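Read-outs throughout are calculated quantities, based only on the coordinates presented, and are distinct from any laboratory measurement. The model shown is predicted, which means the values in this text are computed figures rather than measured ones. Cβ sites come from the backbone with ideal geometry, for glycine too, and all protein chains shown count toward neighbours.
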Amino acid sequence: IDRVEEISPLIKAGADEFYCGVLMNNMSLGTNRVASLESSNLLNLTELEKLVVIVKKQRKNIFLVLNVPFDSMKNFSVIEKNISKIEKIAPSAIIVGNINLMNKLRNSRLDIIASSLLEAKNKETVRFLVEEFGVKKVILERQITLDDLDSIISEFPQIEFETFIMASGCRSLISSCKRRLVTDKKYLHIHLCTSSFLIDKKNKNRYLDLEDKKIIADRLKMPMPSCGACALFQFKEYPISSVKIVGRGFPTKNKIENVKFIRKALNILKKNYSQNKFYQKVEYLFREVFGRKCEKRYCYYPHFFR
């Protein structure tokens, strides 16, 4: 959610849970990759308070993203100064992607969700997050495998797990992504995977040109809308509590379209089709909704179908 007025049409479209960033002291404390912070965050805590009231009245959940990925003491201090206000507003939980920040929030009255930035890919990591910080829910990364799910979820039946299912995707490990280039003056909010790296080639320095950048971008990124809806068939075998649609900074109409698509896919899942029949139905739905053929190479979970 980026604006309060988005909530009603998204609830109507079929969404049950929502997440949002918020600007505090002109900083986004829920990291994102878009150029405009204003277009992908609530503008202040007052908007968050309005949103929480609306969502809870509808008996839905709203999570505040505090996904500060790096050790920024300035960001931490802003969060610490506002934590009592956030507690009073009482979102359903906070999504945290930094161990140091988790440590600072361990004594707050807020439930903590472990962000995908923490790369919880094995039961040892999950055990650490649960025992050390009392996390209530873990968001798994897109590279999660069925073997990972088996070993992790069976070990922690009391913990909720969430997986990605729709929209923005990348083939790289998210925790290793250096979204911000640190210079001597400031953080630059750029995509380093497509920036102008200096290359030493046969003792000659050159910068990547536009064509080089395009090649890199095409290899790493996935088109919109990237999708993992077919994996719902596998996920139904596990106690996955929710599936996550990426959407901060996206046009509201795109969010509504994505939510409706996944809601329809979940309804198809309830019909107990065979695996192949379910795939066929979802692929047809994808083409019907988005106007293009589903391509496995752009799937969130291609390793599920090998």
When we measure straight from the Cα of K88, which aspartates and glutamates land under 18 angstrom away, once same-chain ones fewer than 8 places off are left out? E47, E49, E80, D111
Cross-link pairs beyond the 22 Å C-alpha cut-off, checked among K81/K137; K12/K253; K260/K281; K50/K85: K81/K137
Across all Cα atoms of region 220-306, Rg and the largest Cα-Cα distance (Dmax), in Å, are 12.7, 37
Cross-link reach list, aspartates and glutamates versus K270, counting only Cα pairs under 14 Å and skipping chain neighbours closer than eight places: E237
What does the charge count near I54 come to, summing +1 for each Lys or Arg and -1 for each Asp or Glu among other residues with Cβ under 15 Å from its Cβ? 0
If you add up the charges near K271, with Lys and Arg at +1 and Asp and Glu at -1, over every other residue whose beta carbon is less than 11 angstrom from its beta carbon, what do you get? +3
Please give me the summed charge of the neighbours of K136: other residues whose Cβ is under 9 Å from its Cβ, Lys and Arg +1, Asp and Glu -1. -1
